[in-house]
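The structure appears right after this line, and notes come after that.
Just so you know, all these numbers are worked out from the coordinates, no wet-lab data involved. On a predicted model such as this, the values are computed, not experimentally measured, just so you know. Methodologically, a virtual Cβ is constructed for each residue, glycine included, from the backbone with ideal geometry; neighbour enumeration extends over all protein chains shown.
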Amino acid sequence: MTVNDLEQPQQRSRQCRWAYRLAAVGASAALLAACGSSSSSTATTSAGSTSSGSPAAGTYTFGLNAAKTGPVAFAGIDYIRGAELAVDQINASGSLGKGVRIALQIKDGGSVASTDVEVARQFAADSSVIAAFGSILSPDAQAVKPIYNSAKMPYVIYGATDPNLAQPPYIFRTAPLPQLSNQTLAQEIVSTVHPASVEYVVTSDNSGMVSQLSYFKTPFQQAHVKDLGTVDTLSTQSSFLAPAEKIVSDNPAVVVVSCLQTPEVAMIKALREAGYKGHIVANATLGSPAVYTSAAQWVTGIPFGVHFGPQMTGSIQVGFTKAYEAKFNAAPSTYSAQGAIAVQFLAAGLAKAGTHPTRASLAAALGTVSSLSNDIYGPVTFTGGQLNDPRVLSLAWASGGKLTQWSASSWS
């Protein structure tokens, strides 16, 4: 995969100087030295009026459609923690101006589409909530988008993986597309290991997982690796013995598992219990520390691609990791970073949404954020409301629950 180098950030506008003050606030420098690189500091609202200047003193509330429960709660808790830490650091830094604070109103949609829709309606009806963010699963994101579009309310998708979910002027996505990390990981395996055959497993009733799998497949197909087929599973499936036994019978050199988090772990466990001795590749759903805690013997050593890991050595990432560990007594995951950068993006928009920000002025301001600098991934750009980050990490869980850099050469 060829990815163009990011352009260096341009000279920051006066309205973005708040970002630099974070270096004096300890842990806050780890996350929020960021601003939009738009050449204009004036946001034009959908009604055609303009707003400029920093927000007036007060508390501005973002709604978080969370997943404390439900099929992706392992990841959902990490998203919440990352978002909460970002809010703490912004407020501690005073980076948005004197007396300006942000707050979260958290409602648990559980990544169940019908519940998420109800949460979205509640946020849209609550005039005290200036914007909202959430959606780990693609079907949930698709379900709530019409509500926020109709309410003309900014909504930031922080996790769903369907392509083309961003839809400015109101719908943005700050999650790096995992399709690219999957493709990068598969390319490394193909070029280093030269496997003779591959078989795939996918959560076939989740469009995001299906899309991710197509990117996994491309490098294997281009290298003419023998394709032994794709095993379809369902998000509600509880037993994976039959598909595991089929794969063992096929005996592929590599099995690629592109499933939701709980089915992903269950499928890997079933493969090993059925006697599969070959190599397994997973997607980023394996990256939550809770996964390792619950299934260490099955997931240790299995690679997955992400855009953030707690072993990153940049000053921003190190500061974020230390602050996260101090607050939650746990290591941050790629999902923690996704929760944090969603808040960071909203704050970058709020900083230039006018003296008296509204949903309309915030949406317009967010549309002018073309990059974030010194962020948790750092730096990133935005195209059509979608965050782009070409840097990919291939990680795996090591014994003791530490995430380590993974290399395909370990399979050779």
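See the values below:
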read-out	value
Summed residue charge, Cβ within 10 Å of Val231's Cβ, Lys/Arg positive, Asp/Glu negative	-2
Nearest-ten-degree value, helix 207-222 long axis tilted from longest Cα axis of the chain	60 degrees
Beta bridges by DSSP in the chain, antiparallel share as percent, to the nearest 5	30 percent
Tail weight of P(r) past 24 Å, computed on alpha-carbon pairs of the stretch 228-380, percent	50 percent
Debye, to nearest 20: dipole size of the chain, +1 on Lys, Arg Cβ, -1 on Asp, Glu Cβ	1160 debye
Charge dipole of the stretch 287-406 about the Cα centre (unit charges at C-beta), most positive-ward option of Asn329, Leu395, Ser288	Asn329
C-alpha center-to-center spacing [the stretch 336-397, the stretch 154-182] in angstrom	11 Å
In Hz, Karplus ³J(HN,Hα) per residue of the stretch 393-401 (6.51, -1.76, 1.60; θ = phi - 60°; x = Gly, Pro)	10, 9, 10, 8, 6, 9, 4, x, x
Karplus-derived 3J(HN,Hα), 6.51/-1.76/1.60, for each residue of the stretch 240-253, Hz, glycine and proline x	10, 5, 4, x, 5, 5, 4, 5, 4, 5, 6, 6, x, 5
FRET E, pair Ala56, Gln311, Förster distance 35 Å, beta-carbon r, rounded to 0.05	0.30
Listed residues Ala151, Pro178, Val117: farthest to the positive end of the dipole of the chain (Cβ charges)	Ala151
Sequence-distant aspartates and glutamates (8 or more away, or on other chains) whose Cα lies within less than 16 Å of Lys269	Glu245
Environment charge at Ala364 (Cβ cut-off 15 Å; Lys +1, Arg +1, Asp -1, Glu -1)	+3
Only Lys, Arg (+1) and Asp, Glu (-1) charged, at Cβ; the stretch 176-266 dipole about Cα centre in debye	140 debye
Built amide H within the under 5 Å cut-off of Gln167, gap 5+	Phe172
Taking the chain and dividing mean pair separation by its residue count, relative contact order in percent (alpha carbons under 8 Å, at least six apart)	24 percent
Karplus-derived 3J(HN,Hα), 6.51/-1.76/1.60, for each residue of the stretch 285-294, Hz, glycine and proline x	4, 6, x, 7, x, 5, 5, 5, 4, 8
